[in-house]
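The numbers here are math on the coordinates, done by the rules we state, and not lab data. The structure displayed is predicted, hence computed values, not measured ones. Using ideal geometry, Cβ is built from the backbone for each residue, glycine included, and neighbour counts are taken over all protein chains shown.
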Amino acid sequence: MTKGNLTRKQFDILTYLEQNGTNKTQREIAEATGMSVGSVNRTLAFLNEKEFLSDAGLTPEGYQALEPYRVKRAIFIAAGFGSRLVPITLNTPKPLVRVKGVRLIDTLLDAVLAAGINEIYIVRGYLGEQFDQLLLKYPMIHLIDNPLYQETNNISSAMCVRSLFSGAYVMDADLFLSNPALISKYQYCSNYLGVPVNKTDDWCLETKNGYITKMKLGGINCYWMYGISYWSSEDGSKMTEDIQQAYEMPGGKQIYWDQVPLEFFAKHYQVEVRECSFEDIIEIDTFSDLKRIDSAYC
């Protein structure tokens, strides 16, 4: 969890009003947050008593209450080859491939900056020098080289930035984000994006009471994994040690980084699933997927 004094209901209403203005009815707030009108009424009474709200919006006290939940930075994992997107990736790293004229990684970077997150790290490997072009549009980014990307799985990229996980979004850099609102400036606790599905043969998440209990390949009544997660200050600090320990164990260099908190050291973490839809993010795995989405490649 993130250290803060707000309950989940208080946080949800406060962040909703911060984004949408304080002139919302209780019924509108209830529909947007999934709470009962009674819960909204009681929570608003508390927030007003604490002087977190005014007719003009959140007060300085309200923003101060949200500050412990502010996302500090964003990390992009972008070192891989993208073999299933050959022949496009023979000359271009997958995150830099354009879909309908827009680079995949730009859809994520633009959303991060729109949320007021300006501390950004990109771990690069394959054709890494091509990521320099991003500096023209995004001069604030920090490019970090992963010299071991050809010999290991993506845990070696996490090793390069393991000390930065605290209060950070960690994202696969090859996703096409259609709904930038998924990247918000505040997060209540560690979470991982997922789409509820009846069945999948891909990587998925099993849950209980909203918390992830297992990460596995293929499942029924589970969540399809999307590579966007958030790690609270406390959990991110634990990841610094756990990633290194997993990396150094036998076979550790061949695992995915997210297996560290969701499998090998799952007892150290409580990670929520954050629900989204297939319309929110487009995952382009193969050249056939790319041609189907963008006819320019046909």
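Some notes on this structure:
- Once the GluC sites (Glu not before Pro) in DSSP loops with at most 11 neighbouring Cβ atoms within 10 Å are cut out of the chain, the longest remaining piece is 152-278.
- Using only side-chain charges placed at the Cβ, +1 for Lys and Arg and -1 for Asp and Glu, the dipole size of segment 136-232 relative to its Cα centre rounds to 360 debye.
- Applying the Karplus relation 6.51 cos²θ - 1.76 cosθ + 1.60 with θ = phi - 60° to segment 217-230 yields 3J(HN,Hα) values of 9, x, x, 10, 6, 9, 10, 5, 6, 10, x, 10, 9, 10 Hz, where x marks Gly and Pro.
- Contact order, relative form, for segment 8-68: 38 percent (alpha carbon pairs under 8 Å, 6 or more residues apart, mean separation divided by residue count).
- With contacts taken as Cα pairs under 8 Å and at least 6 residues apart, the chain reaches a relative contact order of 20 percent.
- Residue-wise HN-Hα couplings along segment 70-84, as the Karplus relation 6.51 cos²θ - 1.76 cosθ + 1.60 with θ = phi - 60° gives them from phi, are 6, 6, 8, 7, 10, 10, 10, 8, 9, 8, x, 7, x, 4, 6 Hz; Gly and Pro carry x.
- Value of relative contact order over segment 173-298, rounded to a whole percent, pairs C-alpha under 8 Å and six or more apart: 34 percent
- The ranking of Thr15, Thr213 by Cβ neighbour count inside 10 Å, starting from the fewest, reads Thr213, Thr15.
- Rounded to the nearest 20 debye, the dipole size of the chain about its Cα centre is 180 debye, using +1 on the Cβ of Lys and Arg and -1 on the Cβ of Asp and Glu.
- Mean Kyte hydropathy of -0.5 or more with a Cα span along the axis of at least 15 Å, helices from DSSP in the chain: 37-49, 104-114
- Equivalent ellipsoid semi-axes - Cα gyration tensor, the chain, angstrom: 34, 22, 20
- Cα pair distances of segment 8-68 binned at 5 Å [whole percent]: 4, 20, 36, 27, 12, 2
- Euclidean distance of C-alpha centroids, segment 1-70 and segment 227-278, integer Å: 30 Å
- Computed from backbone phi with θ = phi - 60° and the Karplus coefficients 6.51, -1.76 and 1.60, the 3J(HN,Hα) list for segment 197-214 is 9, 6, 7, 8, 9, 8, 5, 8, 10, 8, 9, 8, 6, x, 9, 6, 10, 7 Hz; x is used for glycine and proline.
- Antiparallel beta bridges, as assigned by DSSP with both residues in the chain, represent about 60 percent of the total such bridges.
- Legend: calculated FRET efficiency, Ala296 to Asp132, from the Cβ-Cβ distance at R0 = 25 Å, rounded to 0.05, equals 0.50.
- Spread over its residues, the convex hull of the C-alpha atoms of segment 23-170 is 172 Å³ per residue.
- Cβ-based charge dipole, the chain, positive-most Cα from Phe131, Ser277, Gln245: Ser277
- When the helices of the chain are scored as -39500 (n - 2.57) per DSSP H run of n ≥ 4 and the total is divided over every residue, the value at 222 nm lands at -8500 deg cm²/dmol.
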